[in-house]
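Written out below as structure tokens is the structure these notes cover.
Please treat every number below as a calculation from the coordinates, not as lab data. It should be emphasised that the depicted structure is a prediction, and the values quoted were computed from it without experimental measurement. Heads up, the Cβs are rebuilt from the backbone with ideal geometry, glycines too, and the neighbour counts pull from every protein chain shown.
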Amino acid sequence: MTTPKLTLVDTAATSATADGIVIGTVEGKGGLELAPGAQPVDDAYGGKLVETLRMLGATGKADEVFKMPTGGVLTAPMLIVVGLGRPGKDGTVSAEQARRASGAASRALSGVGRVLNTLAAVDLTAAAEGSALGAYLFTTYRSTNGNKPLGRVDLAVPSAKDSKAKATLKHATVVSQGVAIARDLVNTPPNDLYPGSFADRASELAREAGMDVEVLDEKAMRRGGYGGTLGVGGGSSRPPRLVRLHYKPADARARVALVGKGVTFDTGGISIKPAQDMENMTSDMAGGAAVVAAAVVAARLKLPIEVIATVPMVENMPSGTSYRPGDVLTIYGGTTVEVLNTDAEGRLILADALARACEDEPDYLIDAATLTGAQLVALGGRISAVMGEPTLRDRITAHAQQTGEGGWAMPLPDELRADLDSRVADLTNVTNRRWAGMLVAGVFLREFVAEDVPWAHLDVAGPAYNPLAPYGYTTKGGTGVPVRTLAATLTDIAENG
């Protein structure tokens, strides 16, 4: 896990002890303008900073980064000018713009020891998270690691001793570290991250955070009746695991169950995927990674809620012992499922986990999964789909949007359930129809949730992994989505029930 040290400072940017000063710019109606927090730096330049930046070609567009020597105008030798994009209709810039700009600045500062970021004047949480997440690097498997990540970010605030600012920074730091945990897990290649090693890593993280841990191996799952997980994992030489992490503070105000899909690699099984882009299926455990990380965040923040995370972990491989199209699996609790497509495996292991999680009688149940390619078709690579009980669904969607992770509320039409009727079992795992694949998966999962449990399902198939160029605070590879959404939701429940 590589994130910079974050600190609060109330030193003037013009006289700060740092290797560089980060300021923001925006695309104003008349051209480039300075963002909040940059005025003292402009004063040091005699009010001519905007003119100078325009001459250099700066526009204030989002993700634009300019580095320039200060020539002694500031005590820091370098000025880093980062674009936030266009302000809103009211002339203000959003927290997400500050988060993204801080991330872009951090990405451009690998190898730098210490910088001061003035964008905390827009939003302290956003500047802290963006700085930390943009600086993230995963170099474990490189023979030559190159530059080290940005070492330290000082966040300029009116008073470094302010208790509210300190609490805000602590929260942002812990959440950012949780995102880095999820990114590290997703970015670890599948020859090193398989069900057994994933379970070991999750257990170690949980114990370090003071949580109780239970790990079921294939024998224990067979005794317990986890037919979905055993079926999917049966084709691999590396047997499945089911991990349960439990955080229970003495003053718990609510009990929240989290469930995450942990497919450490997905070939599609007998219904094998095309070779093109199959390497990205190393990310098919991103939902499980996010759930582990979110539970760790809750424990580290000492939130006054009980959190029970259940993560089934499998490798979906074709072999002589693989489950087949036409097989019938008995899910935990007794429901039978006819398998029509072995590449619709995530819902089968989630079915086991959801049914088990409901036995804990949670006040809320939330699952996260890279579940369907249909999510990408419907919403693209940056917006998660949120389904389930409307009140909880909309609550989570609001947090997804507020944190910048992106989320959109989607329906679960009752009429889709008939398409899952099976000729031999209680239901099938897919339909023969082409349409509404994302919603059908949600309808399938709903079958395994107790009627009295408020439940929401996050399909993060696209947002959890970025195979393209980095942007803002989002690096290439694992993104850590939806850790920040889950952390915000857990914090909300802790504060408001």
Between Arg152 and residues 5 or more places away or on another chain, which pairs have amide H atoms under 5 Å apart, with H built 1.01 Å from N, and which residues are they? Lys5, Arg114, Val115
Hydrodynamic radius of the stretch 334-425 per Kirkwood, over alpha carbon pairs, in Å: 15.2 Å
Round to the nearest 10 and give me the degree value, 0 to 90, for the angle of helix 437-446's Cα axis relative to the longest principal axis of the chain. 70 degrees
Give me the compactness ratio for the stretch 361-497, meaning the Cα radius of gyration over 2.2 N^0.38 Å. 1.09
Under 21 Å from the Cα of Lys48, which lysines turn up, not counting those fewer than eight places away in the same chain? Lys29, Lys61, Lys67
For Phe265, what residues show an amide H to amide H distance below 5 Å, using hydrogens built from the backbone and excluding near sequence neighbours? Asn316
Taking 261-271, 209-219 and ranking on average Cβ neighbours within 10 Å, highest first, one gets 261-271, 209-219
For the chain, what is the mean residue ellipticity at 222 nm derived from helices alone (per DSSP H run of n ≥ 4: -39500 (n - 2.57); sum divided by total residues; nearest 500 deg cm²/dmol)? -10000 deg cm²/dmol
Average projection area in nm² (convex hull over Cα atoms of the stretch 74-170, one quarter of hull surface): 7.7 nm²
Between Asn147 and Ser319, what is the label-point separation in nm under the 7 Å Cα-to-beta-carbon projection? 4.4 nm
Principal axis lengths of the stretch 443-497 from Cα atoms, whole Å, largest first? 43, 32, 10
State the volume of the convex hull built on the alpha-carbon positions of the stretch 177-496, expressed per residue in Å³ and rounded to an integer. 117 Å³
Sorted on mean Cβ neighbours within 10 Å (highest first), peptides 194-206, 169-181, 223-235 come out as 223-235, 169-181, 194-206
Residue-wise HN-Hα coupling along the stretch 372-383, computed from phi with Karplus coefficients 6.51, -1.76, 1.60 (Hz; x: Gly, Pro): 9, x, 5, 4, 5, 5, 6, 10, x, x, 10, 10
Need the list of lysines near Lys161 for cross-linking: C-alpha distance under 23 angstrom, and skip anything on the same chain fewer than eight residues off. Lys5, Lys170, Lys302
Rounded to a whole number, what is D in µm²/s for the stretch 5-157 from Stokes-Einstein with the Kirkwood radius over alpha-carbon pairs (20 °C, 1.002 mPa s)? 141 µm²/s
Sorted by chain and then number, the residues having a modelled amide H within less than 5 Å of the amide H of Asn466, at least 5 places away or on another chain, are Gly477, Gly478, Thr479
Virtual spin-label span in nm between Trp435 and Glu279, 7 Å along Cα→Cβ: 3.8 nm
Hey, could you pull the Cα Rg and Dmax for the stretch 137-208, both in Å? 16.6, 49
Is the stretch 349-394 rounded, prolate or oblate when judged by the Cα gyration tensor, a ≥ b ≥ c being the square roots of its eigenvalues, rounded requiring a/c under 1.5 and prolate requiring a/b larger than b/c? oblate
Mind checking the angle between helix 95-107 and the chain's longest principal axis? C-alpha axes, 0 to 90 degrees, to the nearest 10. 80 degrees
Compute the length gained on full extension between Thr139 and Arg382: take 0.36 nm times their separation in residues and subtract their Cα-Cα distance, giving the result in nm to one decimal. 85.0 nm
Taking the 0 to 90 degree range and rounding to the nearest ten, how far is the long axis of helix 483-496 tilted relative to the main principal axis of the chain, both from C-alpha atoms? 90 degrees
